[in-house]
Amino acid sequence: MKVEETNLEAMRAKKAAIKLGYYRDNFIDFIVPDVKKRDFIMHRGYWSRSEVFRGAIRAFVEKGGRQILSLGCGLDTLPFWTLEHWPEEKDLKFFECDLLCVVKHKIEVVQKSEAFVGKLKELSGDLKVETAKIESLRYALFEGDLNKTAFLTEAFTKAGIDPSKPTLIISECVFVYLHPETIPQLRTILRDFF
């Protein structure tokens with residue numbers, strides 16, 4: 001299985017947990033049409049991971065945080081959950097960054113459903129969807145290969161990330177896919193950018 005395909009398997013596992021009532025996600029059906037049965041320990045694992053990330057976002061937003069960056073976002077629905085839960089926070093923006101093939105796949109998934117596009121416009125403001133990026137007032141999806149750190153600062157800047165704002169950086173299960181020598185470089189870039 002290719003690295004890029006692991007996110008679809010993860011989303012199927014999340015959907016299986018959601019369908020059994022472990023937690024709610026109003027966007028999963030747009031992303032994953034089918035679901036496979038999983039072992040209960042997988043459901044509990046995805047529920048706990050969901051609670052950790054949602055809890056971190058909740059604490060960040062409640063303390064005034066207004067910029068979130070997800071590295072290696074995959075097909076995750078966390079930005080949509082975030083925008084849905086704080087619709088009044090018009091200056092809250094969620095940025096997602098991943099490999100070009102993943103970004104294009106997510107854009108295809110979004111564009112497949114008029115209902116999804118409509119909901120995203122409602123949550124995020126004017127929506128500009130291109131081949132390899134989505135831009136709006138409250139949401140952005142853009143290409144960034146974390147193993148090619150020389151291009152990340154430019155990608156962050158082009159996406160509109162404001163380095164002066166406190167930023168919550170999420171990287172769920174992404175570092176295991178990076179080359180070992182890349183991790184210190186990535187840490188330096190993030191420290192210098194923010």
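Given the criterion modelled with pLDDT under 80 and out of contact with any Lys or Arg (no Cβ under 9 Å at 6 or more places or on another chain), identify the matching residue among 63, 14, 37.
Working: 63 fails: modelled with pLDDT under 80; 14 fails: out of contact with any Lys or Arg (no Cβ under 9 Å at 6 or more places or on another chain).
Answer to the selection: 37.
When you check residue 82 against the structure, is it among the polar types (S, T, N, Q), more than 22 Å from residue 54 (Cα to Cα), in contact with a helix residue (DSSP H, G or I) (Cβ under 6 Å, 6 or more places away or on another chain) and open to solvent by less than 20 Å² (accessible area, probe 1.4 Å), yes or no? Break it down into steps so the answer makes sense when it comes.
Values: among the polar types (S, T, N, Q): yes; more than 22 Å from residue 54 (Cα to Cα): no; in contact with a helix residue (DSSP H, G or I) (Cβ under 6 Å, 6 or more places away or on another chain): yes; open to solvent by less than 20 Å² (accessible area, probe 1.4 Å): yes.
Spelling it out, it is not the case that residue 82 is among the polar types (S, T, N, Q), more than 22 Å from residue 54 (Cα to Cα), in contact with a helix residue (DSSP H, G or I) (Cβ under 6 Å, 6 or more places away or on another chain) and open to solvent by less than 20 Å² (accessible area, probe 1.4 Å).
For region 39-79, which positions are over 20 Å from residue 162 (Cα atoms), surrounded by fewer than 18 Cβ atoms within 10 Å (Cβ to Cβ) and charged (D, E, K, R)?
Across region 39-79, the qualifying residues are 39, 44, 49, 51, 54, 58.
Among the residues of region 154-182, write down those that are open to solvent by 60 Å² or more (accessible area, probe 1.4 Å) and over 26 Å from residue 63 (Cα atoms).
154, 158, 175, 176, 177, 179, 180, 181
Would you check which residues across region 80-99 are outside any loop (DSSP other than H, G, I, E, B) and either closer than 22 Å to residue 144 by Cα or aliphatic (A, V, I, L, M) (or both) and list them? It would help to see each step written out before you state the result.
Within region 80-99, the subset outside any loop (DSSP other than H, G, I, E, B) is 80-85, 93-98.
Within region 80-99, 80, 82, 83, 93, 94, 95, 96, 97, 98 qualify.
Counting only residues that are under 26 Å from residue 89 (Cα atoms) and open to solvent by 40 Å² or more (accessible area, probe 1.4 Å), which one in region 110-128 is modelled with the lowest pLDDT?
First pass over region 110-128, keeping only residues under 26 Å from residue 89 (Cα atoms): 110-111, 113-128.
Within this subset, residues satisfying the condition of being open to solvent by 40 Å² or more (accessible area, probe 1.4 Å) are 111, 114-115, 119, 121-122, 126, 128.
On the way: 111: 92, 114: 91, 115: 90, 119: 92, 121: 93, 122: 93, 126: 85, 128: 93.
Checking each candidate, the answer is 126.
Please verify whether residue 106 is assigned to a helix (DSSP H, G or I), more than 14 Å from the chain's Cα centre (by Cα) and at pLDDT below 95, treating the condition exactly as stated. Break it down into steps so the answer makes sense when it comes.
Numbers: assigned to a helix (DSSP H, G or I): yes; more than 14 Å from the chain's Cα centre (by Cα): no; at pLDDT below 95: yes.
When the stated conditions are applied, residue 106 does not pass them.
Just checking, does region 129-150 include any residue being in contact with a strand residue (DSSP E or B) (Cβ under 9 Å, 6 or more places away or on another chain), part of a helix (DSSP H, G or I), open to solvent by less than 90 Å² (accessible area, probe 1.4 Å) and of a type outside the set (Phe, Trp, Tyr)? Walk me through how you get there before you give the answer.
Quick first cut of region 129-150, residues in contact with a strand residue (DSSP E or B) (Cβ under 9 Å, 6 or more places away or on another chain) only: 129, 132-146.
Those left that are additionally part of a helix (DSSP H, G or I): none.
No: zero hits.
Output the number of residues of region 105-152 satisfying the condition of being touching a Phe, Trp or Tyr at 6+ places or on another chain (Cβ under 6 Å) and either in contact (Cβ under 8 Å) with a residue 60 or more places away in the chain or among the charged types (D, E, K, R) (or both). Working first, answer last.
Going through region 105-152, the residues touching a Phe, Trp or Tyr at 6+ places or on another chain (Cβ under 6 Å) turn out to be 110, 113, 116, 124, 133, 139-140.
Okay, now just the ones that are also either in contact (Cβ under 8 Å) with a residue 60 or more places away in the chain or among the charged types (D, E, K, R) (or both), so 110, 113, 116, 133, 139.
Result for region 105-152: 5.
Within region 154-187, track down each residue that is β-branched (Val, Ile, Thr), at pLDDT 95 or above and in a helix (DSSP H, G or I). First the steps, then the outcome.
Within region 154-187, the subset β-branched (Val, Ile, Thr) is 157, 161, 167, 169-170, 174, 176, 182-183.
From the residues that got through so far, the ones that are at pLDDT 95 or above too are 157, 161, 167, 169-170.
Answer for region 154-187, where residues must be β-branched (Val, Ile, Thr), at pLDDT 95 or above and in a helix (DSSP H, G or I): just 157.
Within region 56-72, identify whether any single residue is touching a Phe, Trp or Tyr at 6+ places or on another chain (Cβ under 9 Å), closer than 20 Å to residue 176 by Cα and in a loop (DSSP other than H, G, I, E, B), and answer yes or no.
The answer is yes, given that some residue of region 56-72 is touching a Phe, Trp or Tyr at 6+ places or on another chain (Cβ under 9 Å), closer than 20 Å to residue 176 by Cα and in a loop (DSSP other than H, G, I, E, B).
Taking region 85-98, which residues are under 12 Å from the mean Cα position of the chain (by Cα) and surrounded by fewer than 21 Cβ atoms within 10 Å (Cβ to Cβ)? Before the answer, list the steps.
Residues of region 85-98 that are under 12 Å from the mean Cα position of the chain (by Cα), as a first pass: 93-98.
Answer for region 85-98, where residues must be under 12 Å from the mean Cα position of the chain (by Cα) and surrounded by fewer than 21 Cβ atoms within 10 Å (Cβ to Cβ): there is none.
The values are calculated or read from the model by the stated rules, or taken from the named source; none is laboratory data. Owing to the predicted nature of the structure, the values given are computational and were not obtained by experimental measurement. Virtual Cβ from ideal backbone geometry, glycine too; neighbours counted across all protein chains shown. Surface areas here come from the heavy atoms of the whole protein model, side chains and all, with no ligands, DNA or RNA. Shrake-Rupley method; radii C 1.70, N 1.55, O 1.52, S 1.80 Å.
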